[in-house]
Structures are given as C-alpha cells and as structure tokens.
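J.: Submitted below is the structure of interest, expressed as structure tokens.
The values are calculated or read from the model by the stated rules, or taken from the named source; none is laboratory data. All of these numbers come straight from a predicted model, not from anything done at the bench. Quick reminder, even Gly has a Cβ in these numbers, built from the backbone with ideal geometry, and neighbours come from all protein chains shown.
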Amino acid sequence: MAESQLMCMEDGLMPAAVPESKPQFYYSEQHRVALELLITDGDGAFKSLLKDEKSQDFLSAREIKAIASSFVKYKHEEDDGGASASRDKRDDAGSLRSTYWPQMSDTEVPPLDIGWPSSGRFKGVNRVLVYTHPPKEGSPHIKEVVRKLIQESCKVVAIVMDLLTDLQILGDLFEASKRGVPVYIVLDEQGAPHFLDMCSRLQVGARELKNVRTRTVKGIGLSLSVGRIPGNVHSKYMLIDGDKVMFGTYSFSWSSSRMDRNMITVMSGQVVDFYDNDFRELYANSDKLDLFKEFHISKPQTGTLSRAAVPKRPTAATSRFQVNLGDASRGDLKVPAHKYHNPKYLLALGQIPGPSEPLQDFFNKMEPPDPAQQDLENPTEELENITPAPSQPEKKESKKFKTLTFSTKWRKKGKKNQTSDEVIEDNAANPSDDASKNTLTRDETQDSLKKKKRGFMSIFRRS
C-alpha cells in the first residue's frame, strides 16, 4: 500500500493533493477507482470514467492486458468451506492474525543456514567495470563474465533474478554447490516454474542440491477493494563472496544473452554492503521453494559429524624428559635408564655419551680423571709402597690408613676391594717391616694421602 494511502487512513488527517506536474506525485485516488472499474466492468468502462473525469489514460494496452490476466480476487468465507470456522477460532484465541496491523510476524525469518560471509569489514575503494551486449571492442561477452564469476567463487553466490533458465549458468551454479560453495537463489514467483523445468532437464540430484537454497518473492503489487494486482521482481544482481556484485538488465536466460541488448556492471568495494543488506531483506520476505520436494529427492543427512578416534595415552611416557605423574603409583612402571643421569654430565667426566644403561653399570665403568696422572685402577700397588716413617706412633698411622680403607670400600666393590683392605691392614699392623725399602718422609706421605682423599671426594660430588 502506498504511503499516501496510509496517510489517508489516519483519523482527521487528509493530505493535500499533489499535482501530476510535481516529482512527488505518486498516487491518485482517481487512478484507484479507474482500476477497479477496469477489473469489474472491462476496458470500455475504464476509458469512459477517465473521459468523464477529464483524466489522462495512464495505462498502455500491454499493461491493461497484463493487469486483467494477473488480477487475483480475494477469497470470501463461503469459498473457504470449513476453513472459515477454524479461522474464527484462531481469531478468538488471540492469534497474531486477528490484528489488522500486526507488530510481530507469525512466521520465522528464514536463516542463511549454509553460511554467509561477514559484512562488517572494510572492503576497500569502489571499483567499477561495465560490460554490454553486444560487447564493445576488446571486452568479453556478458555471459562469459557471469560464468567466470560463478566458477571462481569460493565463499558464497547469492542471486536475485526474474528469470533463471540458462542451462550453462545453472550447470555452473550446481558445480559450485558440489565444491561446497553456498548458493542462494531468490526468484520472481512467476519465473519459478520455468526455473524448475530447466533444472529437471539437467537431472539434478541430492549432491547438486546439497548447498543450494531457493526461494520465491513477489512484487509490491496493488491492493484494491475487490482483489489484488500482483507485481513482479525486476531486480537482477548477483553477489560473489561478499566482496563483488554484478547487476544490470541481463536476465540469466538464453534469449537475453543472444538476442537482447543488455548492460551489466561489476562493482567491488564498500558499495557491496548495500546489495548485501538488500539481499537479506528479500530473503527474509520470500517464500520457500523446496527443490528436494519438487524433484522427489531425499534430503541428505545433516547430523553431527563423528569425530575421529583419538588414540589412548600410553601407560608410561616415552619422552626423555617427562614421566606421567598419574602412572607413578603403578608398581610395574619402568622408567628408562637414561632418566637417571643427563648425558651432558658425562662430558665433564671425560666420557662420551653412549647408549642408556643401568645406573650400577654406569658407576662401575666410570673412571675419574687423576690430577697427578696416576693410575687409580689398582690403588693397592701404591698403598703397598707407601709406609709411614718408623719413628711415628703405630696407632695414629693405622687410624689414617683405616680411614682411607673405608673410603676405598665405599668407592669400589668386589674382589679388588677385599684385596685392598687386607693389604692396608697388614701395612698398618707391621709398619716397620719394609721401612728400609721406602725413602718417603712423614710429610710427603701425608701430602700424598690428602691428595688421594681429595680426588675421591671430588668424584663423589660430581656423580
């Protein structure tokens, strides 16, 4: 309904008539009365009324024929049969339809359920390219431009069209759907049957229709007291990936691309947001056209995707520097031998890191460096040659040898340790037997013993 019609319905408000000479002229009450007479009494009564009112004939012969053929009468209660009784019950129950001007819609807004790119980002400077049919010199054909845009799409394809019947363009749209690109199509209601006919010729299946959503929309139309004159959708544009738009006079049909003169404009930049909003408004006001139902195809299952099986965590960590704390309480937990020591400490002892081995074997094979470059593999040989001076008391010397014997036992094990113990005890018990063979003084003996003791202690600290 026109804005001037809405203003006339306000109580006590009658706007001034706008003369036809002004650009603001849009609606005339004389035109409405003439249209009702055209529908009810025919073309002769319509022209007689205009002559009596001294008004100009505002309809062409083609328009008169189109209005007379497309007019739709309102359904009366007697025509509905039993439906009128159920409608009265709904009205009494306080349904939204009982209100003449409902503030809420009784249907949900259709969602863009297969994806839509974000429109809040900056799209850059506006850029414009114009193509015509027939093409200008050096320019491609308009159908080539449209097909290339569809084939290069990767995010979304959204089309508003009055007639979509070109087989090659339809094939490109279904191929984009098979690639996983969402395809939204809003068609004029009167052009929908022709679209379905061409899709049936392509023998589309569930795979082609999986990512396609098709809806129909009506024109604004004109409501009269006896019925309604429907309108058409002449918007012709296509959104690509949310950052490019193609619009113009070109309808996606074979005859339009071959026989008609057309012009299209491809634009990119911030102006695309306008078409983005306009498409979503049309999509919200449209009616559903279920292609699966029209072609009797079962819909593919859209359940939740099954997640890939994740392997269980190993019972014990295999990393060199990690042990699972949750498995520490298990009795059968085996920690690799290389966890007992870090290979970098072997470099300080003059050894090259090799394969992992038990701790006891590592200690048995470890050889500490001797600062005096003496052989410590057989300490008994040097201890046999070391005897205190004969003038020293026997008790104090034997005590010192016993201290060294304890350290040797702690460091070495096995038969060598037993042998070294016996030798030290014999030398401590009889220090004067081989006194003639040794020329070491007391001070030199004590110094050598201290050096050996310090060497052993440094080895223990490093290990």
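J.: Report those strands (runs of 3 or more DSSP E) wholly inside region 183-244 carrying at least 3 residues which are of a type in the set (A, V, I, L, M, F, W, C).
T.: Once the strands (runs of 3 or more DSSP E) in region 183-244 are filtered for at least 3 residues that are of a type in the set (A, V, I, L, M, F, W, C), what remains is 183-188, 237-240.
J.: Test each condition in (1) over 21 Å from residue 268 (Cα atoms); (2) modelled with pLDDT of 95 or more for residue 189 and report the one that comes out false.
T.: (2)
J.: Counting only residues that are surrounded by 17 or more Cβ atoms within 10 Å (Cβ to Cβ) and either over 16 Å from residue 294 (Cβ atoms) or touching a Leu at 6+ places or on another chain (Cβ under 6 Å) (or both), how many does region 199-223 have?
T.: 7
J.: Taking the options 70, 28, name whichever one is among the hydroxyl-bearing types (Ser, Thr, Tyr) and in contact with a strand residue (DSSP E or B) (Cβ under 8 Å, 6 or more places away or on another chain).
T.: 70 is the lone residue from the list that is among the hydroxyl-bearing types (Ser, Thr, Tyr) and in contact with a strand residue (DSSP E or B) (Cβ under 8 Å, 6 or more places away or on another chain).
J.: I would also like to ask the following. I want to confirm something. Restricting to region 252-277 and keeping residues that are without any contact (Cβ under 8 Å) to a residue 60 or more places away in the chain and surrounded by fewer than 17 Cβ atoms within 10 Å (Cβ to Cβ), which single residue is farthest from the chain's Cα centre (by Cα)?
T.: 259
J.: For region 41-55, give me the residue count where each residue is outside any helix (DSSP H, G or I) and touching a helix residue (DSSP H, G or I) at 6+ places or on another chain (Cβ under 7 Å).
T.: Here the count works out to 2.
J.: I'd like to verify a number: residues in region 245-254 that are out of contact with any helix residue (DSSP H, G or I) (no Cβ under 7 Å at 6 or more places or on another chain) and part of a loop (DSSP other than H, G, I, E, B), how many?
T.: Qualifying residue count, region 245-254: 3.
J.: If I go through region 121-179 residue by residue, how many of them are of a type in the set (S, T, N, Q), assigned to a helix (DSSP H, G or I) and crowded, with 19+ Cβ neighbours inside 10 Å?
T.: 1
J.: Restricting to region 1-40, and then to whatever is modelled with pLDDT under 80, among the small types (Gly, Ala, Ser) and not in a helix (DSSP H, G or I), can you tell me which residue is surrounded by the most Cβ atoms within 10 Å (Cβ to Cβ)?
T.: 2
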